Structure formats: C-alpha cells, structure tokens
Amino acid sequence: MRVPLLFLLLLLCLPAWAALATPLPDPMLATPYRQGVPVAAFLVSEKLDGVRGRWDGRALWTRGGAPITPPPAFTRGWPAEPMEGELWLGRGRFDEVSATVRRVQASPQDWRGIRFMVFDLPAHPGTFSERVARMRVLVDATANPSLAMIAQQRLHTADALDAELARVVAAGGEGLMLHRRDARYRPGRSDALLKYKPYQDAEAQVVAHLPGKGKYHGMLGAVLVRTPEGRSFRIGSGFSDAQRVSPPPPGSWVTYRYNGLTSTGLPRFARFMRLRDEPPPPDPGPPNFVPLDSAR
C-alpha cells in the first residue's frame, strides 16, 4: 500500500511540531510580604514597572498567553531556554512600554531602549539560587543588548529590607520582590514569591464613567469599577487630565492602588494606576505552601 506523501512529511516534521506546541507552565504568582518572614532565606530584587513577558524559546507571549511581536532583531540570538522577564524601558515609563507591546507591527524605533529583564526560568528544575546562576550564564552568553537580568541580592534583616524598599521608592521604583532561594518553580500563587510595596494594588473592570464637576466639568470625574469577586466601587483619583478626557473604556481592566480595606471590605483610598493590556488571570486560590528547607 502506498503511503500518501503528505502523511510522510507530517511524520518527519512531528518532533519539531510537537516542540512548538508544548506550552509554558502556568506562571508563578506572588503573595504580599508580611512581617516575620525570614528575610535571609530570600533573594531580593526591584519590582519593575514593565510588561511581564514569557519567552518559550522561540517567541514572546504575555502572561495571559497573547503573542508579543517585536522586530526580529529584538530577540535575535536569545537562548532556546524558556525565560520569564519584564519588558522594561525605565522607572515610570510603563505606558510607553505597554503601548509598544500592544502594537502588532511596531517598528525597531518603537522598541529601541526596551530590554527584557529576566527574572526566572520556568522550565528549569533547580532551586531559585540555581536558576539565578543559570540566568547569568544565559545572559552573559547572549550578545544582544535587549536581553538583561534583574539584579538579585541577599539581605539579612527586616530593617535592611525596609531600607532597600525606601531607597527604591525614593528613586521612583514600585517596590521589591522576594524569592525563596531554596524554592523550585511552582505554577500558581506561592508563598515562596513575595511582593513588598508601600501600598497594595489590585485589578478591577471598568463598568461606567461618572461625570466630573468643578474643574473637571465635561471630563471624567470617576470610573465605576467591579472587582473579580463582584464588588463595585468608584475610583476618582490618580487620573491625568489627558486620561480624564479619554478615560479607560467600559469593559477594560485597570490596576489601582489602595491602603487597606474599609469596614465593609472595599479598598480604602483607591487610586488609578494604569490601564491593563489584558484581563488578570483567574486567581488560583490560596498560595502553595513551600516548607522552608534551609537558609542557604
């Protein structure tokens, strides 16, 4: 019996096709830092205000799985090993990076200055300390300046951590990330990955625009938003005049900052931060508890 030529070609190409179809694991998500955490057991880095990207060895994706299409030169020479990082242009320049990432056919000029700041290797089987060592090897072996690595340091006390947070925030940064040195990569929310900021932040969906008064007459006064849990409240501060003229549209998702919760469980002093590129991923539930093996 003669085997169709097309079938033979498919068989020959199957290994490459299967490799391309292999998805990245779900991302590892952070939980808030809390007092009493053994700081010396973690490596600490700045939390960059960029767009999270995931490199599968061939292409870039957003955290939610949407393709990112930089010019070919941006990823030329990158390793075939999966990497996670932050597409970053500098402190306080999130909106510029976000606008560039959203463009389907952004020019090389649009991408100039953006770097992919690597912070983890989702397919690596080792501890975070071992993954950091591997990240350094990968970045050092890549001649393309678009690939860099977020600096990791070890701090020994909570006072040292607070001092570092104050330094980063004073320089215009958002906060810090703490990653357990002995922890392996685990998809979902984990207490081995912590974020430490001078405020809390969360996401909500815009439901409606509320008109402004006084100096904001004829402009946006506030947005009515709804949380993923179905709670509704208003956000009226944090918007620039340009954003009040052209506010986030109903149906879009925004990130807001707040300082604790009211007695009714709503965010206190909610303030607009930025428009999200995509809806937040479903909350995977309580964080994975990882026993503290050592403070190597």
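The values are calculated or read from the model by the stated rules, or taken from the named source; none is laboratory data. Keep in mind that this is a model prediction, so the values were computed, not measured. Cβ coordinates were reconstructed from backbone atoms using ideal geometry, including for glycine residues, and neighbour counts include every protein chain displayed.
Based on what the data block shows, is Ala222 surrounded by 15 or more Cβ atoms within 10 Å (Cβ to Cβ) and small (Gly, Ala, Ser)? Yes, satisfied. Number of residues in segment 57-80 that are within 19 Å of the chain's Cα centre (by Cα), among the aliphatic types (A, V, I, L, M) and either within 20 Å of Val137 (Cβ to Cβ) or outside any loop (DSSP other than H, G, I, E, B) (or both): the value is 2. Of all residues in segment 35-63, exactly one satisfies the criterion of being among the aliphatic types (A, V, I, L, M), closer than 30 Å to Phe74 by Cβ and either outside the structural domain of Gly173 (by TED's automatic domain parsing) or surrounded by fewer than 17 Cβ atoms within 10 Å (Cβ to Cβ) (or both), namely Ala59. Taking the stated definitions as given, is Gly85 in a loop (DSSP other than H, G, I, E, B) and either within 13 Å of the chain's Cα centre (by Cα) or in the same structural domain as Leu147 (by TED's automatic domain parsing) (or both)? The answer is no for Gly85. With of a type outside the set (Val, Ile, Thr), over 30 Å from Gly230 (Cβ atoms) and touching a strand residue (DSSP E or B) at 6+ places or on another chain (Cβ under 6 Å) as the only criterion, which of Gly173, Gly214 stands out? Result: Gly173 is the single residue among Gly173, Gly214 that is of a type outside the set (Val, Ile, Thr), over 30 Å from Gly230 (Cβ atoms) and touching a strand residue (DSSP E or B) at 6+ places or on another chain (Cβ under 6 Å).
Filtered by the rule that a residue be modelled with pLDDT of 95 or more and either under 20 Å from Gly85 (Cα atoms) or in a helix (DSSP H, G or I) (or both), segment 1-47 gives Val39, Ala40, Ala41, Phe42, Leu43, Val44, Ser45, Glu46, Lys47. Applying the set (1) surrounded by 20 or more Cβ atoms within 10 Å (Cβ to Cβ); (2) of a type in the set (A, V, I, L, M, F, W, C); (3) out of contact with any helix residue (DSSP H, G or I) (no Cβ under 6 Å at 6 or more places or on another chain) to Ala242 leaves exactly one unmet item: (1).
Within segment 237-268, the set of residues being over 24 Å from Val51 (Cα atoms) and in contact (Cβ under 8 Å) with a residue 24 or more places away in the chain comprises Val245, Gly260, Gly265, Leu266, Pro267. One residue stands out in segment 119-161 among those that are of a type in the set (Val, Ile, Thr) and closer than 20 Å to Ala40 by Cβ: the one that is surrounded by the most Cβ atoms within 10 Å (Cβ to Cβ), namely Val132. Listed by first and then second residue, the pairs with beta-carbon distance under 8 Å, at least 6 apart or on different chains, first residue in segment 32-50 and closer than 19 Å to Ser129 by Cβ, second of a type in the set (Lys, Arg) and surrounded by fewer than 18 Cβ atoms within 10 Å (Cβ to Cβ), are Ala40/Arg154; Phe42/Arg154; Leu43/Arg154; Val44/Arg154. Screening Arg103 on (1) basic (Lys, Arg); (2) touching a residue at least 60 places away in the same chain (Cβ under 8 Å); (3) touching a helix residue (DSSP H, G or I) at 6+ places or on another chain (Cβ under 7 Å) shows it passes everything except condition (2). Among the residues that make up segment 92-101, is at least one of them at positive phi and assigned to a loop (DSSP other than H, G, I, E, B)? For segment 92-101, residues at positive phi and assigned to a loop (DSSP other than H, G, I, E, B): present. Inspection of segment 73-82 finds a residue satisfying the criterion of being within 28 Å of Thr255 (Cα to Cα), at pLDDT 95 or above, surrounded by fewer than 21 Cβ atoms within 10 Å (Cβ to Cβ) and not hydroxyl-bearing (Ser, Thr, Tyr). In summary, strands (runs of 3 or more DSSP E) completely within segment 208-296 and bearing 1 or more residues that are farther than 19 Å from Ser98 by Cβ and modelled with pLDDT of 90 or more occur at 220-226, 232-235, 253-258.
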